[in-house]
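The values are calculated or read from the model by the stated rules, or taken from the named source; none is laboratory data. Predicted model only: the values in this text are computed from it and were never measured. Please note: Cβ atoms are built from the backbone with ideal geometry, for glycine as well, and neighbour counts cover all protein chains shown. Note: areas computed on protein heavy atoms with side chains; ligands, DNA, RNA excluded. Shrake-Rupley method; radii C 1.70, N 1.55, O 1.52, S 1.80 Å.
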Amino acid sequence: MIWIKENDVAAVTENDLDVRRRLRSATWRQRTNLFIFLGPAIVLIFLLYVVPVIVDIFISFTDMGRSLAINEFTTKQYEKVFAGDKRLPQVIGLTFVYVFGTLAVFNVTFGLVLAILTTAIPKTSGIFFRGVWLLPRMSPSVLYIFLWIWVIDPSEFGLLNQILTNLFGVVKPVDLMTNAPVMLIIFSNGFIGASMGMIIFTSAIRSIPEHLFHAARVDGAGGLAIVRHVTLPALRWPISFITIYQTLSLTVSFEYILLLTKGGPFFDTTVYALYIYGRAFENGQYAYGAALALFLIVIGVALALLGWKFFDMKKLLQVPRIEVQ
Amino acid sequence: MARIEFDRIRKTWGDVVAVDALTLTIDDGEFVSLLGPSGCGKSTTLLMLAGIYAPTEGNLRFDGQVVNDVEARDRNVGIVFQSYALYPHMSVRENILFPLRFKKVAESEARRRVEEVAKLVHVDELMGRRPGQLSGGQQQRVALARALVKEPQLLLLDEPLSNLDATLRMTMRAEIKALQAKLGVTTILVTHDQIEATTMADRIVCMRAGRIEQVGTPDDLYLRPTSLFVAGFIGAPPINLLPGEAADGKLVINGFALTCEGSVAGDVTLGIRPESVYFADAGIRATVDQIEPMGRETLYRVNCPLGSITVLEGGSTFHRRIGDVAMLRFDLGDTLVFDRRTERLVKGAGAQLSD
Amino acid sequence: MEVTFGALRDQIQKPWDRLAARARWMRRAKLAAMYGFLIAVSAPVLLPYFWMVTVAFSSKTGTVDTLILWRAMAILLPFVFGCWIWSTIGTTARQMFFGFAAITAVAVAAFVILVLPDLHLGNFIFIGERNFGDIVRETRTGSKKGEVSGGIDFPSVWLAFANSLYLAGGQTIIVAVIASLAGYYLSRFEFAGRAAMLRSLLVLHAFPVLTLIVPLFLIMNFVGLLDQLLGVMLVLVGFELPFAIFIMKGFFDAVPWEIEMSALTDGASRRQTFVRVVLPQVTNGLIAISVFSFIRGWEEYIFVFTFLIDNVNWTMSLYMFFVRDDILGIDFGLVSAVGVFYLAPSLVLYLVAQKYLAQMTIGGVKG
């Protein structure tokens, strides 16, 4: 947008050429500014978001396999998705169990518990415990899973077995990987998931006015009553936000599962996202993987749009106040 | 519960001393005001009464028994906060009902009480609304109702009127005072507004920097302030304070000599209230500097040899204009003399004009 | 109207000292229960890290040296219990401080006497020795030199370190530059489609990036960037960008307009204003997104694993992965040592980032 002061116009009407030159250079600057500032971002985002989606749709309609060659265009990948793949229903079922199990037990519930408890004890201790629970999220994924693998090692050297045999006198070492793999992935992802809820809920609890707690205490409320009537009502929005956001996150991520169980034993812990990965990169069925991925993309975007309903949009769209280019 | 005793109460937050050496007794049914500027520790004291804070040192006694450790909910205290602190997600009815949940009251009985109290403070028309839908004054009444519904033995008010506009403030002042008289509940009011304190309370506790400056009836504090601070804090418009030196029966301010009692000596401050200075035919020569018409009265700021003085004159018509010369007089019995260093009252009636 | 005051009041005739005593007891019990619960659930989270560090510095025979471990635990447990009990008993801040100091002193003394002499750096052999894999196999499994086969050919840890630095560093620089430019423009300029772009950035931020791994792999292969750190770097840049742009826009929004207006009246063009006046104001934001980008790049595993093949291109995450994969059954000490080496920079970075975490708000819900 070009904005020329009245004085400018008055001073400049003498020389029309001059005006036109100024106008042109302002427009020119406006366009180049756009390129310089926004250009790189737009280009990269286009290349790394839009193009892959298009490619994905494209590939899903081919028969690309291990050889990476395209021989024909076909819808047989989708036919496979809807009718031909016997593993798929199990994978989808497991994904539901995993997502909602982790969400309900750890991300939301445990996050709440941690937030409420760490704000009820003295501040420094609260910070310490929150720091401990942030450790899994702060650790590189490879390291965190290394620790888990060590803990559940079925031999006597596994840390869990060490504790069981030495402290509790259990004779036979346990093998969680074989006997309780789903619980394993829920717990390992849950430890990480709890910390995000914990942070956001803690922040929300801190913003409740102190006087509300005082009033409740004088009114006669004990600890649990205060949580029920003062703390939780203030957390309605954050809880909804975390639920949506973490549902999205859990549905599409598979890094920790890949590292920990590789989806096994057999397909017992293969969630949908990991299934895509396996089919594409281990079996070489790239086209099929692309088709499966497309569904995940759609679900992911839908959840993302839902989640942003809980955000304050006005603050972000603050209007600029300088109009000169 | 008959008496509340503060016995050398001290409250510190780390290095900060909020309240120090607080010793005070409050009788059953009294209406006491804790008055002072912000940061003087009055709200802290109130919250110690409520049981939200525990004293660092000293003993708080109800009926002679130490209650330092007793929890807030066991004390049967009602409190109204400056921000009202209504539960935002509950309706007015639920807000008022809340304290009764924790007492052994039958459901129907509880509802009856809620309706009664609501009528008492005139919020019975608003029962279904949420706090967000109420005006400041309405929220305050709801907070009051919530505090009263449990029939507290102690009612605490933390600057309840400061968020209301001027007319509403006057109405609520009268209402709260009437309510207290009718119910006979011991009430402690915290405020920085000395008009609130003097109009509502039976006794005023004037506090500064965590300590009690003076305790007394409003009259005591107005007529017989024991320190410069109290004299300056009570009374609007504020008292004129003029520094000077006294010796041998003479008090010299800015070179101008007044007669005073022989026992007064040293560096002193003379206090004289604007309403005690009047214009006369003879006296100290002064020029009118500023005029502030205040409706029922007029406030003049004049320049005279003693310094710049405010004079309060009754009546809305004022006969002087800026620049006019006038003569001031004041009476012996109306002046206060304070020791300049200790800021304590030296003579209740100190100086007079020497003619 | 009649108000029957007194009926409820009469209910309250409990003696004050009994109430006070009960309150004191309840307070301690509640605090003890809360601490107890928190300790109980936090211990499983913290213990593996503790073990890893202990084993890394103490393991001699390659197996989990239980003796040292349990000795260390014998110091840790009383320490924790002592802290727990003291925190519920102690009342004033001063008491707490001295109590904790005393408990810590005892623990440190016990540590120095019982554990310190047994600590050594022998497990950090991988720092100097590239073929530690073979060496370790010989010593632990007793196979003769030259007989070993099937082990992974590890690159030097410093090569992996350098690769990680290159990846994370490069990504950080690119993200910082591009996000600053875009954030500034979005914050300060009006143009058609501004609202739309902001909204789409919002969606992109939550976009499930992992779902695009299949097409991205194919694209990278097609373009020839597969098995190139640069390829992974670009992907990571792309995925950090929406978030970084948002943060930077937030910081730019906070710069007062008056500063820019002054600069413009002083004669600077908008670009000059940006570089000389506005940019210096948002250094906090730059540092924030740089730290977070770097951490992300340092920890990245999936894309690195999928896109990189030749071990010359390994980053620390891959190095850690293969060390664990190959050597965990044989020498726990060595793997722990690598773990400590890999974890340390992350932790340091996170502590640095803590300062900036507090300053970042994304719209209505603070993170």
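The table that follows gives values for the structure above.
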quantity	calculated
Per-peptide average of other Cβ atoms within 10 Å, ordering A:58-71, A:146-159 highest first	A:146-159, A:58-71
Distance (nanometres) between label positions extended 7 Å along Cα→Cβ at A:Val97 and B:Asp165	6.5
Solvent-accessible area buried by pairing A with C, both sides, nearest 100 square angstrom, 1.4 angstrom probe	9300
Accessible surface of the stretch B:4-228 [probe 1.4 Å, protein heavy atoms]: carbon and sulfur percent	48
Accessible area (Å², per residue) of the stretch C:157-363, counting only protein heavy atoms and a probe of 1.4 Å	33
Cα centroid of the stretch A:186-233 to Cα centroid of the stretch B:210-280, whole Å	54
All aspartates and glutamates inside 14 Å of B:Lys104 as judged from Cα atoms, apart from same-chain residues fewer than 8 positions distant	A:Asp219, B:Asp74, B:Glu151, C:Asp10
Sites B:Ala174 and B:Arg296 - FRET efficiency at Förster radius 22 Å, r taken between beta-carbons, to 0.05	0.75
Average beta-carbon neighbours from other chains, 10 Å sphere, peptide C:180-190	5
Cα-Cα over 32 Å, subset of A:Lys172/C:Lys30; A:Lys172/A:Lys262; B:Lys11/B:Lys150; A:Lys123/A:Lys262; B:Lys182/C:Lys30; B:Lys42/B:Lys150	A:Lys172/C:Lys30; A:Lys123/A:Lys262; B:Lys182/C:Lys30
Alpha-carbon gyration tensor eigenvalues x 5, square-rooted, for the stretch A:86-310, Å	35, 26, 13
Over the protein assembly as shown: Rg over Rh, Cα atoms, Kirkwood Rh	1.07
Whole-Å distance, taken between Cα centres, linking the stretch C:275-337 and the stretch A:75-92	36
Overall dimensions of the stretch C:157-363 as given by Cα atoms, namely Rg and Dmax in Å	19.8, 71
Helix-only mean residue ellipticity at 222 nm for chain B, each DSSP H run of n ≥ 4 adding -39500 (n - 2.57), per residue, nearest 500	-6500 deg cm²/dmol
C-alpha long axis of helix B:136-148 to longest principal axis of chain B, angle in °	60
Overall form of the stretch B:238-353 per C-alpha gyration tensor (a/c, 1.5; a/b vs b/c)	prolate
q = 0.19, 0.26 Å⁻¹, the stretch C:246-328: log10 I(q)/I(0) [Debye, one scatterer per Cα]	-0.83, -1.17
For the stretch C:13-120, the fraction of alpha-carbon pairs in successive 10 Å shells from zero, as %	13, 33, 28, 15, 7, 3, 1, 0
In degrees, nearest ten, helix B:166-183 long axis to first principal axis of chain B (Cα)	60
Other-chain or far-sequence residues with amide H under 5 Å of B:Phe31's (modelled H)	B:Thr187, B:Asp202, B:Arg203
Separation between Cα centres of the stretch A:98-116 and the stretch C:152-218, rounded to whole Å	29
Sparsely packed chymotrypsin sites (Phe, Trp or Tyr not before Pro) within the stretch A:260-300, loop by DSSP, other Cβ within 10 Å at most 12	A:Phe266
Cα-centred dipole magnitude for the stretch C:157-363, charges only on beta-carbon of K, R (+1) and D, E (-1), debye, nearest 20	620
Separation of the B:His122 and C:Asp266 label points, Cα + 7 Å toward Cβ, nm	6.0
Using alpha carbons only: equivalent-ellipsoid semi-axes of the stretch B:4-228, gyration tensor based, whole Å	29, 21, 16
The stretch A:36-138: equivalent-ellipsoid semi-axes (sqrt of 5 x gyration tensor eigenvalues, Cα, Å)	44, 26, 10
